[in-house]
Amino acid sequence: MTDAGAKSAVEWLVSAAPEPESCRWEWERNPLGVSLLPAGRLWDVLILPGELGRPALDVVTRITGRPGPVLADVTDARLGFFVPPGTAARWVGTGVRSAGRGTWIVVPYPGRSTGAVRWLVPPDGSGWLTDPVVLELAMHEAAAHLADGPGGPTGAAGPADTGGGPAGGE
């Protein structure tokens with residue numbers, strides 16, 4: 001990420017903070033290099049288990065060429081896809097957690113590594129987000145691929161079946 005790109009991403013991220021200067025201060029002085037930002041204003045976050053999130057990210061990238069920001073925890077056990085605000089309130093599905101209005105997420109400074117969480121796809125500052133309909137389709141494709149796995153087709157939905165998606169979107 002270029003310095004100009006990181007600066008643009010920082011400006012976009014801190015614009016969600018109730019006190020942008022406090023957010024900047026946290027990034028600079030917090031030994032973990034993270035800050036808490038509220039979800040539900042500029043984005044919501046859909047949090048997928050890593051075994052589903054990684055292949056879903058691959059599918060979203062293949063379909064759109066450009067997913068919105070995506071966070072991962074240090075072990076890749078969970079991936080957080082930034083989606084439009086309001087998505088979390090409408091999302092219906094098992095195995096997917098959501099962060100929307102009234103919740104906070106741990107966000108690292110763009111372009112820096114931290115010990116707890118990192119950007120798989122850093123924000124670019126434009127406000128580009130992953131389309132939840134595309135993400136849902138990607139999750140279904142990824143789940144089907146996982147169900148077919150090395151042992152061949154399972155013939156039935158396996159534990160990776162996500163069910164649901166945005167309410168009213170089906």
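With a 1.4 Å probe and every protein chain left in place, work out the accessible area per residue of region 1-130 in Å², rounded to a whole number. Let's see the in-between values first.
On the way: 6320 Å² over 130 residues.
Dividing the accessible area of region 1-130 by its residue count gives 49 Å².
About the centre of its Cα atoms, region 44-143 shows a dipole size close to 220 debye [charges on the beta carbon of Lys, Arg (+1) and Asp, Glu (-1) only; nearest 20 debye]. In sequence order, region 61-71 has phi-based couplings of 5, 5, 6, 9, x, 7, x, x, x, 9, 9 Hz under the Karplus curve 6.51 cos²θ - 1.76 cosθ + 1.60, θ = phi - 60°, and Gly or Pro positions carry x.
By a 1.4 Å probe calculation restricted to protein chains, Thr94 has an accessible surface near 90 Å², given to the nearest 10.
The values are calculated or read from the model by the stated rules, or taken from the named source; none is laboratory data. Predicted, not measured: the structure shown is a model, and the values here were computed from it. Note that we place each Cβ from the backbone using ideal geometry, even for glycine, and neighbour counts take in every protein chain shown. For accessibility, only protein heavy atoms count, side chains too; no ligands or nucleic acids. Shrake-Rupley method; radii C 1.70, N 1.55, O 1.52, S 1.80 Å.
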